[in-house]
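The values are calculated or read from the model by the stated rules, or taken from the named source; none is laboratory data. Every value quoted in this text rests on a predicted model; they were computed, and no experiment measured them. In this analysis, Cβ positions are derived from the backbone assuming ideal geometry, glycine residues included, and neighbour counts consider all displayed protein chains. Surface accessibility is based on the protein's heavy atoms, side chains included, excluding ligands, DNA and RNA. Shrake-Rupley method; radii C 1.70, N 1.55, O 1.52, S 1.80 Å.
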Amino acid sequence: MRSPSESRYAAGRLSPLRRVSDLRRLRDEQFDVLVIGGGVTGAGAALDAASRGLKVALVEARDLAAGTSSRSSKLIHGGLRYLEQLELHLVHEALTERGLLTSRLAPHLVRPVPILVPLPAASPVARVWQRAYYGLGVAAYDVFAGVFGSGRGMPLHRHLTRDGARSLFPSLRADKITGAIRYYDGQVDDARLVVNLARTAASLGAAVVTSARVTGFVREAREVVGVKVRDLESPDSPEFEVRARTVVAATGVWSDDMSRMLRDVGVRPGLRVRASKGVHLVVPRSAITGEAGLILRTPTSVLFVIPWGGHWIIGTTDTDWELDRSHPAASARDIRYLLDQVNTVLDRPLTVDDIEGVYAGLRPLLSGEADSTSKLSREHAVVEPMLGLLLVAGGKYTTYRVMAADVINRAVRRLGGPAQPSRTDQLPLLGADGFAAAWRDRMDIARRHGVTAGVIEHLLERYGTLTVHLLAMIEADPALATPLAGAPEYLAAEVAYAAQAEGALHLDDVLTRRTRISFETAHRGAETAAHAAALMGDALGWDAAVRAREIEHYLARVEAERQSQKMPDDLTADAARLGVADVRGYSADRGTDLLEVDL
């Protein structure tokens, strides 16, 4: 728990000094709960445990949200297709969580986005049936949110004629639709939500350490009592042990690896996880004319076209992936598939020349008998393959808090003592407190600080009420008000803040996750790398050699991804992407390269 004399913000700073302190804690203390994995489920589990007064640590092999949790469709949603599949409990659960996030937990990060369900051109009888069928589904969605959900936070759906639909989305082909239904879901910067979860856990006393790879378990007889960890920022240092009464593995598509570490004692995993690759394209807002998103049926998945600031996100695919899990690669076939699907309804077809960015992520699906990953369960499971070790896997981004509460409930029962229930449904994340008032007063804030209202709106939508700390940094050093080279919508202060308070250790952390410059710009961040490296270097004490190496690695990563996206299939795309090693433990001045076995 934090000291009463320390502010919540100060206690939640993931600064370079905090990392040193937390590493010392890992070596010296025994924890009630040690969480492996810094994605949304792991960060949510650490927050849940810390909010119950438990002694908590979280370790992550790379960066917060470095895997699946930064590569989603950026939606907090109930899942319309789950209604069609009659998985009503999943819809209920997800819409409840959506309401909590938009109204209480993270209103600065989750906001409503309108989405159209186009009604395909058909015969008069079919038109009536389609409107009734889809209308009933969307109406049920609203009922679940309003009656069963905890705080709607979203407007009700509305039926539109063909002209009404094209007025809202002029790029829709008139000959392909007879109308549409507009409904609302939540939009989120997924990586920023994970960072806020981890920082909120840290504010409650959790030790949070990234670039800390788990290499094995510590056992006493047939019980797991801790893990072995390697600090990838100091690869010459020996591994060390972290002791914990309960270890929680929230490792997503790496879940099966946890059980393999215990194969010498014949442990069976209790669950299997399959990786499903989801690819997204990013195109400029000018490429499509519309004021709402789209949801479309495809032969193998649901396709979203979602407004994202000055861009559109188009995704996703849903295919098995059995290659490198740390850096899933999008192939030319994936890109062509998405373009072909979206072009069926657009009046001006998109081409590869319209694409600004591409990203690919892996969904951890609980494996079943279905041949298609799109039919596998989006439910989650908690198992205990060995005393002291809990695995949580499956689920979806929107329901991270439910998954976290379930696994920590199990941990609390194992630890004994008074059973404290989860209270994360009542705990606003850092930046959420006072957000509504700050947004209302944004013009006054802009005048007081001598910046434009646009700057304040941009900062509030990314940092909430923590914006005051970035404004204080700018007042202390006006140069931090400078827009970033090649990405003028972001400020220099945001890079410095990421290094000083948000746990960013490498250039890739900032350009790919703390900001989204790596897929929001046609140059993929190449024109921003030098400016950002200079700012990070000042914050982290990099010398000229480290700055140059960070830039070199980032540019090599961008080029490898570009090459992978020209490859015809998964195998060749994966081979092209693997041409660049992970930056952690990579630099010559930090020791030799390490085998990539991310957890």
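Per-structure values
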| quantity | calculated |
| --- | --- |
| Test for Pro155: is it in a loop (DSSP other than H, G, I, E, B) and either of a type in the set (Ser, Thr, Tyr) or touching a strand residue (DSSP E or B) at 6+ places or on another chain (Cβ under 9 Å) (or both) | yes |
| Subset of the stretch 485-495 [closer than 22 Å to Arg557 by Cα and touching a residue at least 40 places away in the same chain (Cβ under 8 Å)] | Ala485, Gly486, Ala487, Val495 |
| Filter result for the condition that a residue is modelled with pLDDT under 95 and under 29 Å from the mean Cα position of the chain (by Cα), over Ser237, Ser211, Ser255 | Ser255 |
| Neighbours by Cβ (under 9 Å, 6+ apart or cross-chain): first from the stretch 446-463, polar (S, T, N, Q); second surrounded by 12 or more Cβ atoms within 10 Å (Cβ to Cβ) | Thr452/Ala446 |
| Residue, surrounded by the most Cβ atoms within 10 Å (Cβ to Cβ), within the stretch 498-529, restricted to residues that are of a type in the set (S, T, N, Q), more than 15 Å from the chain's Cα centre (by Cα) and not in a helix (DSSP H, G or I) | Thr528 |
| Residue match in the stretch 10-20 (condition: more than 26 Å from Ala411 (Cβ to Cβ) and modelled with pLDDT under 95) | yes |
| Meets criteria (under 27 Å from Val110 (Cα atoms), modelled with pLDDT under 95 and outside any helix (DSSP H, G or I)) for Thr300 | no |
| Flag if Ala453 is touching a strand residue (DSSP E or B) at 6+ places or on another chain (Cβ under 8 Å), more than 16 Å from Leu47 (Cβ to Cβ) and not basic (Lys, Arg) | no |
| Inter-residue pairs, beta-carbon under 8 Å, first in contact (Cβ under 8 Å) with a residue 60 or more places away in the chain and farther than 11 Å from Ala121 by Cα and in the stretch 166-180, second open to solvent by 10 Å² or more (accessible area, probe 1.4 Å) and of a type in the set (Lys, Arg), 6+ apart | Leu168/Arg182; Ser171/Arg348; Leu172/Arg166 |
| Unique match (being more than 24 Å from the chain's Cα centre (by Cα) and open to solvent by 10 Å² or more (accessible area, probe 1.4 Å)) among Ala139, Ala165, Ala180 | Ala139 |
| Members of the stretch 481-492 that are closer than 13 Å to Val451 by Cα, outside any loop (DSSP other than H, G, I, E, B) and either of a type in the set (S, T, N, Q) or open to solvent by less than 20 Å² (accessible area, probe 1.4 Å) (or both) | Leu491 |
| Sole residue being in contact with a Pro (Cβ under 9 Å, 6 or more places away or on another chain) and touching a residue at least 12 places away in the same chain (Cβ under 8 Å), chosen from Leu535, Leu555, Leu540, Leu511 | Leu540 |
| Condition check for Ser73: under 25 Å from Val392 (Cα atoms) and of a type in the set (Ser, Thr, Tyr) | yes |
| Among (1) within 23 Å of Leu491 (Cα to Cα); (2) at pLDDT below 95 - the single one Tyr463 does not satisfy | (2) |
| Criterion: hydrophobic (A, V, I, L, M, F, W, C), free of Cβ contacts under 8 Å to residues at least 24 places away in the same chain and over 26 Å from Ala419 (Cα atoms) - qualifying residue of Val20, Val110 | Val20 |
| Residues satisfying the stated conditions in the stretch 308-343, i.e. under 14 Å from Thr298 (Cβ atoms), of a type in the set (S, T, N, Q) and modelled with pLDDT under 95 | Thr316, Thr317, Thr319 |
| Hey, Ala532 surrounded by 16 or more Cβ atoms within 10 Å (Cβ to Cβ) and either modelled with pLDDT under 95 or touching a strand residue (DSSP E or B) at 6+ places or on another chain (Cβ under 8 Å) (or both) or not | yes |
| The stretch 416-444 residues that are part of a loop (DSSP other than H, G, I, E, B), paired with ones that are open to solvent by less than 40 Å² (accessible area, probe 1.4 Å) and of a type in the set (Phe, Trp, Tyr) (beta carbon under 6 Å, 6 or more apart) | Gly431/Tyr463 |
| The stretch 320-334, residues that are surrounded by fewer than 19 Cβ atoms within 10 Å (Cβ to Cβ) and either more than 27 Å from the chain's Cα centre (by Cα) or within 12 Å of Gly278 (Cα to Cα) (or both) | Asp320 |
| Looking only at the stretch 118-136, and only at residues there that are open to solvent by 10 Å² or more (accessible area, probe 1.4 Å) and not in a helix (DSSP H, G or I), the one that is farthest from Leu427 (Cα to Cα) | Ser123 |
| All positions within the stretch 445-459 that are assigned to a loop (DSSP other than H, G, I, E, B) and surrounded by fewer than 16 Cβ atoms within 10 Å (Cβ to Cβ) | Gly450, Thr452 |
| Residue match in the stretch 295-311 (condition: crowded, with 16+ Cβ neighbours inside 10 Å, among the hydroxyl-bearing types (Ser, Thr, Tyr) and within 20 Å of Tyr82 (Cβ to Cβ)) | yes |
| In the stretch 537-570, the residues that are part of a loop (DSSP other than H, G, I, E, B), within 17 Å of Ile335 (Cα to Cα) and either open to solvent by 60 Å² or more (accessible area, probe 1.4 Å) or touching a strand residue (DSSP E or B) at 6+ places or on another chain (Cβ under 8 Å) (or both) | Gln565, Lys566, Pro568 |
| Verdict on Ala145 being in a helix (DSSP H, G or I) and within 17 Å of Ala94 (Cβ to Cβ) | yes |
| So Leu197, is it in contact (Cβ under 8 Å) with a residue 24 or more places away in the chain, part of a strand (DSSP E or B) and touching a Gly at 6+ places or on another chain (Cβ under 7 Å) | no |
| Count of the stretch 217-250 residues which are in contact (Cβ under 8 Å) with a residue 40 or more places away in the chain and closer than 28 Å to Ala405 by Cβ | 18 |
| Helices (runs of 4 or more DSSP H) wholly inside the stretch 1-101 that include at least 2 residues being open to solvent by 40 Å² or more (accessible area, probe 1.4 Å) and charged (D, E, K, R) | 16-28, 80-84 |
